[in-house]
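One structure is given here, and the rest of the page talks about it.
The values are calculated or read from the model by the stated rules, or taken from the named source; none is laboratory data. These numbers were taken from a predicted model, which means no experiment stands behind them. No Cβ is skipped: glycine too gets one built from the backbone with ideal geometry, and neighbour counts run over all protein chains shown. Each accessible area value is taken on the protein alone, full model and side chains, heavy atoms only, with ligands, DNA and RNA left out. Shrake-Rupley method; radii C 1.70, N 1.55, O 1.52, S 1.80 Å.
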Amino acid sequence: MKKLLIKEGRVIDPVNGVDEQLDILIAEGEVVQIAAQIEDQEAEIIEANNKVVTPGLIDMHAHFREPGFEHKETIKTGSESAVAGGFTSVACMPNTDPVVDNASVVESILNRAAEAKVNLFPIGSITKDLAGEELAEIGFMRKSGIVAISDDGETVMNSQLMKSALEYVQAFDLPVITHCEDQSLVGEGVVNEGYYSTVTGLEPIPAVAEDIIVARDIKLAELTNTHLHIAHVSTKGAVELIKAAKQRGVSVTAEVTPHHLALTDEAITTFDTSTKVNPPLRSAEDVAALKEALAEGTIDAIATDHAPHAWEEKDVGYDNAPFGISGLETALSVLITELVQPGLLSWSQLVEKLTVKPADILGLDKGRLEVGAVADVTVIDPEFEYTVDVDKFYSKGKNSPFAGRTLTGKAVTTIVDGELVMKDGQVL
Amino acid sequence: MSFNRRRLLGLEELTGEEIDLILNTAESMKEIFTRQVKKVPTLRGKTIINLFYEPSTRTKSSFDLAGKRLSADMMSLSISMSSVVKGESLVDTAKTLEAMGAEAVIIRHGIPGTPKLLAETIDAAVLNAGDGAHEHPTQGLLDMYTIREKRGKIAGETVLIVGDIKHSRVAKSNIWGLKKLGAEVRVAGPPTLIPPEIEKMGVEVYYDLEEALVGVDVVNILRIQLERQEGGFLPSLREYTELYGMNQERLQLANDGVTVMHPGPMNRGIEIAPEVAYGEESVITDQIPNGVAVRMALLYLLTGGEQIEETTN
């Protein structure tokens, strides 16, 4: 394996409190030296002058669709999409076909992922077939390598079963990731309830549908003393509940997506089905609360909820389109443009929420730039300005509400396990 | 002014001037109804398609008649939603119709935004004949035409819309249009059927019908659907009639000479008492020919038809 030398980049490593111009030498898949001036004749030089160098980005919430929905995405295309967006590790949700509810599906995914460019970490389901009726074989799946359990896309509506799941995982030290929506309040809903559901006539989902389950699951986590992670927080009410729970010392963490931070429900007035996502885009008040919660640490991590769909599935009436946004290739740019540039988040905070925070939640030994660490590194050009062209996505999913938007900041180099996998936006 | 649109998706997107132009054009169209031969060659040789994904009798036949009175070749396609599930997508259907040479497509669909999807897919003119709970612009325009015809003006009139505002595209189009022409608009209905933040559209909300009626010049009564009971919005239609049904006694609370409208089809005895429906204040039967006139005006304006001939007899 060729040595790599990243020269003159602004190295940001929140864990070690580093934010300065340094060189990084990588050999045999590891970081071997970090210093002001490194010379190495054998190494391939990566010029990082005026660039930001960070631990490889980690997306703790994505959908690679394989097995079962390869027309939407595969492990190969999803991985390419990830590294194109600067991500070196991705945790994949279990709503495949078959569902990741037993060890053999976990193993088959990990076998397929061995050839992928990105580090892939499967998440197992909480219940068999995501049906919310019986627990999945969490212990077997843990042995095979899952990093968390979740019925993402579905809420375990049976509170007794959710309590049971939180109790059962204590034997394995796995976080339980919960998708919070009271199904009876969601009904046939497709958008956030408010002024824009009124004027568009689209069926509403009230914000309290999320708040109610967040409150329930926090109470259950408090009772069982289990690590609960709340997926894609989208409401002000949920933020307040999480904040209060953290103050009480409950073991709860939370993530937010770039689209819930960057867009409000006003976007639905275009009837563009790429704005149809679950949970729905919320009000300006919710978005303001999410940004504040992220900055103050109530929300720990940022995750894409990358949910690619085939073009023909989204090119239909709003009600008939599936929920989801293809997010891996725009996430970083959206976050730099919407949070770092306006000064809502420092670079160090952004990097923390995309690296060490998700790593710690999932129990991964990643998210640090230090000698001896696995060489997962992302180089970002903070000034790079471009217009989003979904046709150039590596992902099969072109369903992006950011299509045509001009964004600033982009990953230009991605290194996974010491190997250069993306350079100048091109996946190698 | 001229009308440069190739599509009408709703009244939200129109200016007050554009609405005036449509209503004035409709007035010329209505004049044709008084002729012995109620037909002009304006859209001769043009093909217009009625694409209805929801059952409809009055709107579809009104468009059909409007097109025929302008000499267009009218074709109606009624597609049940169940066949859509197995069959081709709307986008493919639309492209097929355009390839057949349609100059305009009139679409009714249960999903909000579908006319916009259609307009983004084809070059033909697109006219929304009702999309879910979003808009029903031709109904809004015919209601406004009727108010103007009956009362001489729209600006300054106080209009009350009663009933299931939440699920009503008619209410939405009426509110947008009436507000643009300077009317005051109130809505009244059970709180479960008033959608959130509708005040931001510039209307006053009432849960008490009798309170709402005081000082009103026009009452537009919406049809109440039986399904609302099953959806948990209403305990019973009997109770709805008790609280929100329009009867002669309640109507006395409105201004003298109040105008009563209903987009139809009516549930007589439920949201409207028979004596109100056919009382002297009612313009419900006038709404029907006005609907044809407004739709003629829109087909003409959207497809850029030739000049209307002056009366020759």
Exercise for the section: For B:D131, state whether it is closer than 30 Å to B:L193 by Cα, within 14 Å of chain A (Cβ to nearest Cβ) and within 19 Å of the chain's Cα centre (by Cα). Expected result: yes
Practice task
Kindly establish whether A:D391 is free of Cβ contacts under 8 Å to residues at least 24 places away in the same chain, closer than 17 Å to A:L57 by Cβ and away from every other protein chain (no Cβ under 14 Å).
Solution key: no
Completion exercise
Filtering the range A:306-338 down to residues that are over 24 Å from A:V147 (Cα atoms) and either in contact with a strand residue (DSSP E or B) (Cβ under 8 Å, 6 or more places away or on another chain) or crowded, with 23+ Cβ neighbours inside 10 Å (or both) yields A:H309, A:G317, A:Y318, A:T330, A:S333, A:V334, A:L335, A:I336, A:T337
Fill in the blank from the handout: the range A:182-231: helices (runs of 4 or more DSSP H) wholly inside it with 1 or more residues that are touching a strand residue (DSSP E or B) at 6+ places or on another chain (Cβ under 9 Å) and at the interface with another protein chain (Cβ under 10 Å from one of its Cβ atoms) are A:195-200
Fill in the blank from the handout: Here the residues within the range B:207-246 that are open to solvent by less than 50 Å² (accessible area, probe 1.4 Å) and either of a type in the set (S, T, N, Q) or more than 30 Å from A:G189 (Cα to Cα) (or both) are B:A212, B:L213, B:G215, B:V216, B:D217, B:V218, B:V219, B:N220, B:S236, B:T241, B:M246
Exercise for the section: Evaluate the range B:72-81: report whether one residue or more is within 21 Å of the chain's Cα centre (by Cα) and touching a residue at least 40 places away in the same chain (Cβ under 8 Å). Expected result: no
Exercise for the section: Filter the range B:133-163 down to the residues that are open to solvent by less than 10 Å² (accessible area, probe 1.4 Å) and of a type in the set (D, E), then identify the one that is nearest to B:N247 (Cα to Cα). Expected result: B:D143
Fill in the blank from the handout: The number of residues in the range B:103-121 that are surrounded by fewer than 21 Cβ atoms within 10 Å (Cβ to Cβ) and not acidic (D, E) is 2
Completion exercise
Within the range A:1-22, the count of residues that are free of Cβ contacts under 8 Å to residues at least 40 places away in the same chain and surrounded by 18 or more Cβ atoms within 10 Å (Cβ to Cβ) comes to 1
Problem - Matching residues in the range A:235-262 - criterion: being part of a loop (DSSP other than H, G, I, E, B) and surrounded by 24 or more Cβ atoms within 10 Å (Cβ to Cβ) - result: A:T235, A:T257
Problem - Pick from the range B:247-268, criterion among the hydrophobic types (A, V, I, L, M, F, W, C) and either without any contact (Cβ under 8 Å) to a residue 60 or more places away in the chain or open to solvent by 50 Å² or more (accessible area, probe 1.4 Å) (or both), ranking: farthest from B:A171 (Cα to Cα) - result: B:L253
Practice task
Please enumerate the residues belonging to the range B:6-24 that are in contact (Cβ under 8 Å) with a residue 24 or more places away in the chain and either open to solvent by 20 Å² or more (accessible area, probe 1.4 Å) or assigned to a loop (DSSP other than H, G, I, E, B) (or both).
Solution key: B:R6, B:R7, B:L9, B:G10, B:L11, B:E12, B:L14, B:T15, B:D20, B:L21
Exercise for the section: Name the single residue, out of those in the range B:164-200 being open to solvent by 10 Å² or more (accessible area, probe 1.4 Å) and closer than 21 Å to B:L127 by Cα, that is farthest from the other protein chains (Cβ to nearest Cβ). Expected result: B:K180
Handout entry: Given (1) charged (D, E, K, R); (2) touching a helix residue (DSSP H, G or I) at 6+ places or on another chain (Cβ under 6 Å); (3) more than 30 Å from A:E313 (Cα to Cα), number of the condition A:E47 does not satisfy
Key = (2)
Fill in the blank from the handout: Of the listed residues (A:L25, A:L57), the one being closer than 22 Å to A:V356 by Cα and free of Cβ contacts under 8 Å to residues at least 24 places away in the same chain is A:L25
Exercise for the section: Could you tell me which residue of the range A:290-321 is farthest from A:T414 (Cα to Cα), considering only residues that are within 14 Å of chain B (Cβ to nearest Cβ) and either assigned to a loop (DSSP other than H, G, I, E, B) or within 12 Å of the chain's Cα centre (by Cα) (or both)? Expected result: A:G317
Handout entry: Which listed residue, of A:I177, A:I242, A:I218, A:I213, is assigned by TED's automatic domain parsing to the domain that holds A:A131, in contact with a His (Cβ under 7 Å, 6 or more places away or on another chain) and modelled with pLDDT of 95 or more
Key = A:I177
Exercise for the section: Inspect the range A:353-368 for any residue being open to solvent by less than 20 Å² (accessible area, probe 1.4 Å) and within 14 Å of chain B (Cβ to nearest Cβ) and give the result as yes or no. Expected result: no
Completion exercise
Reported set for the range B:4-38 where residues are within 14 Å of another protein chain (Cβ to nearest Cβ) and not aliphatic (A, V, I, L, M) is B:R7, B:G10, B:E12, B:E13
Completion exercise
Log entry, pairs with first residue in the range A:355-378 being in contact (Cβ under 8 Å) with a residue 60 or more places away in the chain and on the phi < 0 side of the Ramachandran plot, second being in a loop (DSSP other than H, G, I, E, B) and open to solvent by 40 Å² or more (accessible area, probe 1.4 Å), beta carbons closer than 7 Å, six or more apart or on different chains, reads A:V356/A:R368; A:V374/A:D417; A:A375/A:D417; A:D376/A:D417
Fill in the blank from the handout: Of the residues in the range A:263-274, those that are buried (at least 24 other Cβ atoms within 10 Å of the Cβ) and among the polar types (S, T, N, Q) number 1
Exercise for the section: Please tell me if B:M296 is in contact (Cβ under 8 Å) with a residue 40 or more places away in the chain and in a loop (DSSP other than H, G, I, E, B). Expected result: no
Exercise for the section: Please verify whether the range A:93-116 includes one or more residues that are of a type in the set (A, V, I, L, M) and in a strand (DSSP E or B). Expected result: no
Exercise for the section: Using the structure shown, decide if B:V203 is surrounded by 18 or more Cβ atoms within 10 Å (Cβ to Cβ), more than 14 Å from chain A (Cβ to nearest Cβ), touching a Lys or Arg at 6+ places or on another chain (Cβ under 8 Å) and within 30 Å of B:T25 (Cβ to Cβ). Expected result: no
Completion exercise
If you go through B:T57, B:T25, B:T15, B:T34, the only one that is over 20 Å from the mean Cα position of the chain (by Cα) and among the β-branched types (V, I, T) is B:T34
Handout entry: Candidate set: the range A:382-428, residues that are in a helix (DSSP H, G or I) and not basic (K, R); chosen: the one farthest from the chain's Cα centre (by Cα)
Key = A:D391
Handout entry: Subset of the range A:254-276 (residues that are of a type in the set (D, E, K, R) and facing chain B (nearest Cβ under 10 Å))
Key = A:D272
